[in-house]
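Contents: one structure, followed by commentary.
The values are calculated or read from the model by the stated rules, or taken from the named source; none is laboratory data. As the structure is a computational prediction, the values presented were derived from the model and not from experiment. We place every Cβ from the backbone using ideal geometry, glycine too, and count neighbours over all the protein chains shown.
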Amino acid sequence: MLRPIERVAALAVAVIASTSAPSLTAQTAMLPELPQVSGPFTLEAVTDPVSGKSQFRYHGHDVPPVVRVRPGENIHIEYINRLSRDSKEKCVMMPCTNGTNLHFHGLHVSPQKPQDDVLTMSAAPGGTLRYTVEVPRNQPSGLYWYHTHQHMESYRQDLDGMSGAIVVEGIDRYLPELRSMEERIMVLRDVELDESGAQRTMMMDKVAMQTPACGHSSEQPKRVLSINGAVRPQIEIAPGERQFWRIVNASPDLYADLEVDSGSFQVVALDGMPFSFHDPATRSRTLSHVLLAPAGRLEAIVIGPSAGHQATLHTRCFDTGSDGDPNPAMVLADIVPRRGRAEPRTMVQDSGTPVYESVPAAATHSAENVAPQFTATFTEDKAGFYINGEKFDMDAPPMLTVDIGSYQHWRVVNRTNEVHPFHIHQVHFLVYAVNGQPLQQTEWLDTVNVPVEGSVDLVMDFTDPIIRGTSLFHCHLLNHEDKGMMAKIVFR
């Protein structure tokens, strides 16, 4: 059973200063615990009176809740736009208008109103949206997330922290041992650095950011990553203790190449998809580090370091290309010995029967062995960002229509000097080749990196009739999406 929402919310508020103004205290701050909600709730979009930034408000506090839902249940949200009508922030090449909506990233749900519709559902300041998202019974159990998706404004709103985690219960059906472990849900968000001065120096020192910036980018770092609103908190774990970590990269454009000192991740799911869902014989995979693109998620078992050993959770340098943004190495959290807690934060247990949906090998091989049914080519210039030479417009017709009931071979080509993460709404896809070379280990994801001047080959799963409607695919560097690297698709 979930603990009372009000008590969890009060605890979270006591340890989180703000998602838009993360903790700048000494490195003794513990990892904040997030509020959780499992039924209908109200979420508000508000303008911080001091900073002028946009943010979510839940139960009177600016700490977005973790939404917990079981397969077959609905997510009910009343979303009220109380943002200022006169924004002081700048969106894409213009002042923000503060329209807003919600996207339920990774869920296999309908793109039609009142569900995961980001094309016709939008609230201007003073407006209200009411969502009823029908999570199917065969939804993979795992970590998803919600964030704003207002075209031309999504980058700024997500940078301000308008995002939160979604947990679809039941991953313990595949690994019952998870039930006895402490569950930690971590949302990575950005903290903007001043161009110069004391704040910049203090923040870079606090996260031990390595300078100069790594890779080919010539720009200086602009942000550091926080966890649950805190910069470099402490994560308690006893020597040899096994914990279940669920991490979402909610940054609009920073990558997180996650690593734990002197340890590894026993990964059970990526992008909300348990390995066992499509392959019952695969329970987990051991990885020394995991690269999360913006929007990527990791669910893994982590073992506490031996007594007396200092360890951190950190992100490694990631080279995004000569035209990309800097992604230097930095420390995200210190891993410290447990000081004791009367009530461990264990996960919500679900003893139902595991759902397995094995994809016939013949179906994926058939898709892989034909020419791509569709190729999406990413390009950019000083005027904007494009897919197949077209810049997105809300009034533009769909780029393509696909019929429900099949697997398709798609190729995504990157003709730029920076990495782009490709994302499509409503479905997952099988990544089986990069730069034309078959992968030894294929992955089911909803967001995948397309390398500089390279390509990825995907098997798209368009078999579920629940996805019918008009949807989107785009680069998940949200600044690129806002500037045109997005297109409509009709699932017919």
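Quick notes
- Residue match in segment 95-104 (condition: of a type in the set (Val, Ile, Thr) and either more than 17 Å from the chain's Cα centre (by Cα) or closer than 14 Å to Gly272 by Cα (or both)): yes
- Counting only strands (runs of 3 or more DSSP E) that sit completely within segment 387-492, those holding 3 or more residues that are touching a residue at least 12 places away in the same chain (Cβ under 8 Å) and among the hydrophobic types (A, V, I, L, M, F, W, C) correspond to 406-414, 429-434, 455-462, 469-475, 486-491.
- Filtered residues of segment 34-80 (kept if touching a helix residue (DSSP H, G or I) at 6+ places or on another chain (Cβ under 7 Å), among the hydrophobic types (A, V, I, L, M, F, W, C) and either more than 22 Å from Gly272 (Cβ to Cβ) or touching a residue at least 40 places away in the same chain (Cβ under 8 Å) (or both)): Leu34, Val63
- Of all the residues in segment 231-248, those that are buried (at least 23 other Cβ atoms within 10 Å of the Cβ) and aliphatic (A, V, I, L, M) number 4.
To keep it simple, each residue is scored yes or no on (1) basic (Lys, Arg); (2) in a loop (DSSP other than H, G, I, E, B); (3) modelled with pLDDT of 95 or more; (4) crowded, with 17+ Cβ neighbours inside 10 Å.
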position	(1), (2), (3), (4)
Pro64	no, yes, yes, yes
Ile75	no, no, yes, yes
Lys88	yes, yes, no, no
Asn98	no, yes, yes, yes
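- Residue match in segment 375-385 (condition: in a strand (DSSP E or B), free of Cβ contacts under 8 Å to residues at least 60 places away in the same chain, touching a Gly at 6+ places or on another chain (Cβ under 6 Å) and not assigned by TED's automatic domain parsing to the domain that holds His108): no
- Glu357 being surrounded by fewer than 15 Cβ atoms within 10 Å (Cβ to Cβ), at pLDDT 90 or above and within 27 Å of Arg68 (Cα to Cα): yes
Yes/no matrix, rows are residues, columns are (1) part of a loop (DSSP other than H, G, I, E, B); (2) more than 16 Å from Pro328 (Cα to Cα):
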| residue | (1), (2) |
| --- | --- |
| Asp205 | no, no |
| Gly215 | yes, no |
| Ser218 | yes, no |
| Pro221 | yes, no |
| Val224 | no, no |
| Ile235 | no, yes |
| Gly240 | yes, yes |
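- For Glu169: the one exception among (1) closer than 28 Å to Glu33 by Cβ; (2) modelled with pLDDT of 95 or more; (3) surrounded by 22 or more Cβ atoms within 10 Å (Cβ to Cβ); (4) not aromatic (Phe, Trp, Tyr): (3)
- Residues that are of a type in the set (Gly, Ala, Ser) and assigned to a strand (DSSP E or B), drawn from segment 100-148: Ala123
- Residue in segment 329-349 that is surrounded by the fewest Cβ atoms within 10 Å (Cβ to Cβ), counting only those that are part of a loop (DSSP other than H, G, I, E, B) and modelled with pLDDT of 90 or more: Pro337
- Complete set of residues in segment 188-203 that are aliphatic (A, V, I, L, M) and touching a Ser or Thr at 6+ places or on another chain (Cβ under 7 Å): Leu188, Val191
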